[in-house]
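Working notes, beginning with the structure itself.
The values are calculated or read from the model by the stated rules, or taken from the named source; none is laboratory data. Nothing here was measured: the structure is a model prediction, and the numbers come from that model. Neighbour counts are summed over all protein chains in view; Cβ atoms, including those assigned to glycine, are modelled from backbone coordinates with ideal geometry.
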Amino acid sequence: MANNHQLSAKQVRSFLDDGYLIVPNLFDQQEANLLLAAAQADPMMKDHTLDVDDRSGRNSQITVWNHPRNDIWGMVSCSHRVVDAMEAMLGGEVYHYHSKLLHKKPEVGGAWEWHQDYGYWYKNGCLYPYLASCWIALNRADKGNGCMQVIKGSHHAGRIEHHVDSGQNYADPERVEQLANRLEIVYCELDPGSALFFHCNVLHRSDANTSNRTRWNLICCYNAARNNPYKAFPHPQYTPLEKVADTAIKEMGLKLSVSSDSFYKPDQEVITRGHTAK
Ligand SMILES: O=C(O)CCC(=O)C(=O)O
């Protein structure tokens, strides 16, 4: 996949049917190493990190930004291999809605409750569920350190009511239980550089990190250009995306964040995921 960004018709079909698609080695080992090194070293990422609690009092770290920049993160979110795949799955031009870097520390990293991303994004003025995300493992994600779980095919249920608790939105537990009884829960165990594409209405969650390993991942989120939100907040309205070559990540190397302009800042109204900054 690293040298060929075209998804096959079968892969697109599988995304549409299941609400998710795993692409092993979307990024190669060298790219995954660069991204992990950047995640651990980037001072602006650290400065804009927010703690998100789970219900048991554990927390994990998230950094959210709206616009891609001329740094290693922008080279990923504007890469043909991610954006072309998104366009194939969402059926037309997409733009960068936002990206986020997530960290679950060993033994203390918190869980994410069952939710749909459209549970949040509906409230941001997106009229249609024409959004999807690309979840990229920077180090190995597995059951032990709290990998992503999805309920296969749950996006066909449409948007489910969400409630807020401990700073996180969670989908109506009664509906989640019924869907989980009928459908398969898939643990998305990924090696570094592998990716999970998932539809904004697919139910997903992750467990706490009870292992002695970290879990680092990057999530790039896209909206269809034809789904321009009627609110410009907290994430941008349609902004044309300039795609970059798949070779750009290695060419750019370890170029860390170049501007703090589009990060969420703790003094903004939109600081936690449980409210509007997701
Ligand atoms: O990475 C995870 O464990 C969950 C993140 C998530 O659910 C999200 O950002 O929508």
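Tabulated results
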item	result
From Val176, Val186, residue being surrounded by fewer than 24 Cβ atoms within 10 Å (Cβ to Cβ) and under 18 Å from the mean Cα position of the chain (by Cα)	Val186
Odd one out for Tyr120, checked against (1) buried (at least 20 other Cβ atoms within 10 Å of the Cβ); (2) at pLDDT 95 or above	(2)
Lone qualifier among Asp17, Asp28 - being closer than 25 Å to Val258 by Cβ, among the charged types (D, E, K, R) and surrounded by fewer than 23 Cβ atoms within 10 Å (Cβ to Cβ)	Asp28
Lone qualifier among Lys243, Lys250, Lys265 - being among the charged types (D, E, K, R), surrounded by fewer than 15 Cβ atoms within 10 Å (Cβ to Cβ) and either at pLDDT 95 or above or within 20 Å of Leu90 (Cα to Cα) (or both)	Lys250
Listing of helices (runs of 4 or more DSSP H) fully contained in segment 24-138 that carry 3 or more residues being of a type outside the set (A, V, I, L, M, F, W, C)	29-41, 43-47, 80-90, 117-121
Failed condition for Tyr128, given (1) away from the ligand (no atom under 16 Å from the Cβ); (2) in contact with a Lys or Arg (Cβ under 7 Å, 6 or more places away or on another chain); (3) among the hydroxyl-bearing types (Ser, Thr, Tyr)	(2)
Sole exception among (1) modelled with pLDDT of 95 or more; (2) within 19 Å of the chain's Cα centre (by Cα); (3) among the polar types (S, T, N, Q) for Thr272, by number	(1)
All positions within segment 35-46 that are in contact with a Ser or Thr (Cβ under 7 Å, 6 or more places away or on another chain) and either within 16 Å of the ligand (Cβ to nearest atom) or hydrophobic (A, V, I, L, M, F, W, C) (or both)	Met44, Met45
Selection count where residues are within 12 Å of the ligand (Cβ to nearest atom), modelled with pLDDT of 95 or more and β-branched (Val, Ile, Thr), scope segment 47-104	3
Index of the failed condition, Val164 passing every other in (1) in a strand (DSSP E or B); (2) within 12 Å of the ligand (Cβ to nearest atom); (3) of a type outside the set (Phe, Trp, Tyr)	(2)
Per-region count, segment 140-159, residues surrounded by fewer than 21 Cβ atoms within 10 Å (Cβ to Cβ) and in a loop (DSSP other than H, G, I, E, B)	8
Whichever residue in segment 213-233 is in a loop (DSSP other than H, G, I, E, B) and closer than 30 Å to Pro106 by Cβ and, among such residues, is nearest to the ligand (Cβ to nearest atom)	Thr214
In segment 170-187, the residues that are assigned to a loop (DSSP other than H, G, I, E, B) and either in contact (Cβ under 8 Å) with a residue 24 or more places away in the chain or under 22 Å from Leu138 (Cα atoms) (or both)	Leu183, Glu184
Any pair with Cβ under 9 angstrom, 6 or more apart, that starts in segment 188-207 at a residue that is on the phi < 0 side of the Ramachandran plot and ends at one that is within 9 Å of the ligand (Cβ to nearest atom) and among the acidic types (Asp, Glu)	Phe198/Asp117; His199/Asp117; Cys200/Asp117; Asn201/Asp117; Val202/Asp117; His204/Asp117; Arg205/Glu113
